[in-house]
Each structure stands twice: as structure tokens, then as C-alpha cells.
1. All but one of (1) at pLDDT 85 or above; (2) open to solvent by 30 Å² or more (accessible area, probe 1.4 Å) hold for residue 61; state the number of the condition that does not hold.
2. Output yes when any residue across segment 230-240 is under 22 Å from residue 312 (Cα atoms) and either open to solvent by 10 Å² or more (accessible area, probe 1.4 Å) or among the charged types (D, E, K, R) (or both), and no when none is.
3. Against the condition in a loop (DSSP other than H, G, I, E, B) and either farther than 15 Å from residue 28 by Cα or charged (D, E, K, R) (or both), how does residue 50 come out, does it pass?
4. Condition first: at pLDDT 85 or above and not aromatic (Phe, Trp, Tyr). Can you find one or more residues in segment 1-10 that meet it?
5. Would you check if there is a residue in segment 31-43 being within 18 Å of residue 117 (Cα to Cα), at pLDDT 80 or above, open to solvent by 40 Å² or more (accessible area, probe 1.4 Å) and not aliphatic (A, V, I, L, M)?
6. Check whether at least one residue in segment 110-119 is closer than 23 Å to residue 46 by Cα, among the aliphatic types (A, V, I, L, M), under 39 Å from the mean Cα position of the chain (by Cα) and not in a loop (DSSP other than H, G, I, E, B), and report yes or no.
7. Quick check on segment 13-30: of everything there that is in a loop (DSSP other than H, G, I, E, B) and at pLDDT 85 or above, which residue is nearest to residue 100 (Cα to Cα)?
8. Could you tell me whether segment 322-337 includes any residue that is open to solvent by 60 Å² or more (accessible area, probe 1.4 Å), part of a helix (DSSP H, G or I) and modelled with pLDDT of 85 or more?
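The values are calculated or read from the model by the stated rules, or taken from the named source; none is laboratory data. For clarity, every value in this text was computed on a predicted model and none was experimentally measured. A quick note on method: Cβ atoms are made from the backbone with ideal geometry, for glycine too, and the neighbour counts reach across all protein chains shown. Surface areas here come from the heavy atoms of the whole protein model, side chains and all, with no ligands, DNA or RNA. Shrake-Rupley method; radii C 1.70, N 1.55, O 1.52, S 1.80 Å.
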Amino acid sequence: MTASTSHADLSVDLALAVILTSDAPLLLLNSDLAVVAASRSFCRAFRIDPITITGLKVSALGSGEWDIPQLESLLQVTASGAAAVEDYEMDLRRPGQPIRKLLVNAHRLEQGSEGRTLVLLSVSDQTEARARDAHNEDLMRDKATLMAELQHRVANSLQIIASVLMQSAKRVQIDETRTHLYDAHNRVMSVAALQSQLSAAQVEDVELRPYFTNLCRSIGSSMIRDRDSVILEAVVDGSVVKAEVSLNLGLIVTELVINALKHAFPGQRSGRITLDFRSKGEDWTMTVTDDGIGMPGAEADAKPGLGTSIVKALTTQLDATVGTTDAGPGTIVTVRHLAADGAFRTAGAAAAKEAV
């Protein structure tokens with residue numbers, strides 16, 4: 001007996017031992033595709049008598065459910081040594097029973113001392129896994145449908161709240177109360193614009209350039225009566241953030257822009273408001289700059305308003321800082337974040353300036 005023959009015999013004997021002791025559904029076939037050996041798990045899984053299975057061709061197993069021409073052709077090619085069966089998917093159909101989704105692999109073994117050709121066939125039942133996948137897909141579709149319905153209801157509710165606030169503002173006689181109601185109306189409309197953009201995106205990451213541009217356009221449409229007198233523009237690089245981060249940034253932008261529109265240009269003054277956002281690595285800086293009347297004098301001992309409190313709370317959530325400086329003329333509000341937690345990615349260094 002030569003060394004190569006001994007090695008081949010050992011391979012066949014090993015295959016027989018593996019099949020007889022395996023918990024996996026396995027078959028050992030000869031060149032005629034008749035069963036030489038079968039694992040007990042194969043017989044148990046497919047309800048075939050282990051005593052009678054030896055010598056049967058694959059096509060004759062069970063009640064003929066294994067008589068699949070394409071599978072037989074693939075096994076014949078494998079037995080000839082021309083190819084191997086890799087992850088062949090097949091449906092096993094048996095009378096009165098559900099269809100089973102199987103994954104079949106087959107490989108030709110080296111010939112033994114008797115010159116036999118053997119094929120090792122393994123079967124993996126994917127029925128439950130495929131059913132779980134289909135169930136998960138159904139759940140995802142249902143979730144998407146429910147989310148879309150929720151977004152629609154939220155949008156409707158915000159519109160109703162904004163309408164009620166506007167009607168109330170028109171009815172009240174006290175100027176201070178009317179101003180507060182108008183402020184509340186503008187905030188609700190801005191949140192509605194944010195919600196609309198985020199629900200339309202339906203993604204985990206948000207590109208800030210189109211996001212801020214559309215947000216500024218929405219704010220300008222609701223608050224700037226004369227578009228030629230006050231220009232609101234966004235200068236944003238290619239930064240991308242997580243959706244929850246973009247929401248906080250959008251709310252900060254909304255408060256800062258509304259504040260500039262309310263206070264920077266009294267008496268029908270004209271001017272410009274610029275939103276600028278730039279990031280480098282994990283650090284980013286956002287500024288809202290106007291060329292209006294500037295910061296109030298030291299004698300103006302005004303308490304911080306609701307908008308200021310909102311901005312401080314949101315910047316704290318982002319681990320950022322906020323500061324205000326005199327632009328001479330005008331005012332610059334800077335929100336800066338250093339050593340971020342990876343929420344930001346820079347998609348491009350060039351900034352894009354878009355007038356809204």
C-alpha cells in the first residue's frame with residue numbers, strides 16, 4: 001500500500017466515522033449517488049428509516065421529495081470532480097407538511113484503495129431562520145408604517161398648537177402677553193420644520209449643509225416679511241452628524257436666528273444674518289452673526305430670556321460652550337465643541353454658501 005493510498009483510505013474512514021457520530025444531517029454517497037452511510041440526525045430530521053437508507057439513491061429517499069433534477073445534476077458534477085456544491089438552496093416539499101428551506105453542500109472525497117469515488121453531502125435546515133428573517137422584515141415594515149403615522153400625527157399636532165397660539169396672540173390686548181404668544185408660535189413652527197426635515201430623511205446620519213439651509217429657509221419664510229431687507233444665509237461645510245445631535249443643533253440655530261431677527265434690526269432696519277458651521281476632526285464651531293445694532297449697553301440690566309435658557313441647556317447636552325461677542329457692528333454668538341465623542345464626521349473641507 002502506497003503512502004497516497006493510505007492517506008486516501010484514512011480520509012474515507014474518517015468521513016465514515018464523522019458521519020456515524022455527527023449530530024449534523026450528513027450523507028456519504030458513492031459515484032452512483034447511492035447512500036453509503038447516513039448520520040442519525042439526517043434520518044431523524046427527514047423521517048427516513050436508518051435501516052433501509054443504505055444503498056438508496058438520493059432521488060429515492062423518503063416519498064420522492066429528494067427527486068430534484070437540478071440537485072442530482074449538481075451531485076453528479078461533484079462526483080466527477082469538476083465542481084462542488086456550495087450553499088445550494090432548495091425547497092423540500094413533502095405531502096401534507098410545510099415546505100422546508102434547505103441549504104446543501106457537497107464535496108468529493110479522495111478515492112480509497114478500492115478506487116471508489118465518494119461524495120460527502122451536508123444539509124442545513126434554514127426554515128426557522130428564514131421564518132425569523134421574514135418575521136423581522138414584517139416587524140420593520142410595521143415599525144416604519146407606525147413611525148410614519150406618528151410623524152404625521154406629530155406634524156398635525158404642532159400645526160394645531162401653532163394655530164391656537166396665533167389666534168390667542170391676535171385676541172389679547174396686553175403687548176407683553178402678545179409678544180410671548182408670538183414667540184411661542186415661532187418656536188412651535190420651527191420645531192415643526194425640524195420634525196418635518198428629520199422625518200423626511202429617515203436616516204441615522206444627517207448632512208448639515210442641506211439641513212441648515214432648509215431650516216433657515218423655513219424660519220425666514222415665517223418671520224421675514226421683506227426678504228430684500230433682511231438676508232438669512234447658511235455657510236456650512238460637509239459635516240455629517242447623528243440625527244439626535246442634528247435635532248439639538250437645529251433647536252439652537254432656531255433660537256439664535258429668531259433672537260437675531262427680533263432684536264438686531266429694529267425700526268425696519270435692513271441687514272444680514274449668517275449661520276456658519278465648520279468642523280475639523282471631532283471639533284466643531286457654529287456661529288450666528290448679524291450686522292444689526294449690536295449688544296445692549298451695560299446699563300441694560302435685562303434678565304436672560306427663555307431663548308437664552310434653551311440655548312444653554314441644549315449646548316450643555318452637546319458638551320459645548322456658548323459665548324456672545326460684539327461684531328462691531330452686530331453680534332456674534334459662538335457655540336463651540338472640543339474633543340467630541342465621534343458624533344461628527346467631516347465629509348468635505350470646502351464650505352458652501354447658500355442664500356435663503
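1. Checking residue 61 against (1) at pLDDT 85 or above; (2) open to solvent by 30 Å² or more (accessible area, probe 1.4 Å), the one that fails is (2).
2. The answer is no; no qualifying residue exists.
3. So residue 50 does not fit the description; no.
4. no
5. Yes, there is a match, as at least one residue in segment 31-43 is within 18 Å of residue 117 (Cα to Cα), at pLDDT 80 or above, open to solvent by 40 Å² or more (accessible area, probe 1.4 Å) and not aliphatic (A, V, I, L, M).
6. no
7. 25
8. No, segment 322-337 has no match at all.
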